[in-house]
Amino acid sequence: MDLDRVIAFYHALTPESIGRFAEFYGADAYFKDPFNEVRGVEAIQHIFTHMFRQVDGPRFVVTEHVRDGHGAMLVWEFSYRVSRWGQGDAQVIRGVSHLKFGDDGKINYHRDYWDAAEELYMKLPVIGRLMGWLRSALSAG
């Protein structure tokens, strides 16, 4: 798999380009993030279609990557806006994707790691205050 092509695909991801996932992912590819766990290209496409419906201006930027023979790690920033929460300001989630490639060179495993508590819940008005209180109560510092 040409990792640079995968990165360019995510950098330029639009609702119209979601149909291209099959160019990069095997038919039975596994995908997991803090909210989803699915198998198959169509199910993965559904997650990203849903993302475009839920947030405004979503954009992935891969800031670092490491590749070995059959896999890669991508360090990324995902920026978006959520106007329905009354927060028109841009939000950013930072995370890492672990990719594994099949014998055909396509991605057959994609696992996203990011801290939903810090990157998402802390930004919500009521839940954020509760999470901040929990963080200070449990902090050793």
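One table, with the values for the structure above:
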| item | result |
| --- | --- |
| Of all residues in the range 30-42 being out of contact with any Lys or Arg (no Cβ under 7 Å at 6 or more places or on another chain) and under 17 Å from LYS100 (Cβ atoms), the one that is surrounded by the fewest Cβ atoms within 10 Å (Cβ to Cβ) | GLU37 |
| Residue ID - nearest to TYR113 (Cα to Cα), chosen from residues in the range 1-59 that are among the basic types (Lys, Arg) and not in a helix (DSSP H, G or I) | LYS32 |
| Residues of the range 18-54 that turn out to be within 16 Å of the chain's Cα centre (by Cα) and either modelled with pLDDT of 95 or more or under 21 Å from GLY105 (Cα atoms) (or both), as a count | 19 |
| Residue under evaluation ALA72, criteria (1) touching a His at 6+ places or on another chain (Cβ under 8 Å); (2) under 17 Å from ALA8 (Cβ atoms); (3) part of a helix (DSSP H, G or I), criterion not met | (3) |
| LYS106 modelled with pLDDT of 85 or more and surrounded by 16 or more Cβ atoms within 10 Å (Cβ to Cβ) | yes |
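The values are calculated or read from the model by the stated rules, or taken from the named source; none is laboratory data. On a predicted model such as this, the values are computed, not experimentally measured, just so you know. When we count neighbours, we look across all protein chains shown, and the Cβ atoms used for this are built from the backbone with ideal geometry, even at glycine.
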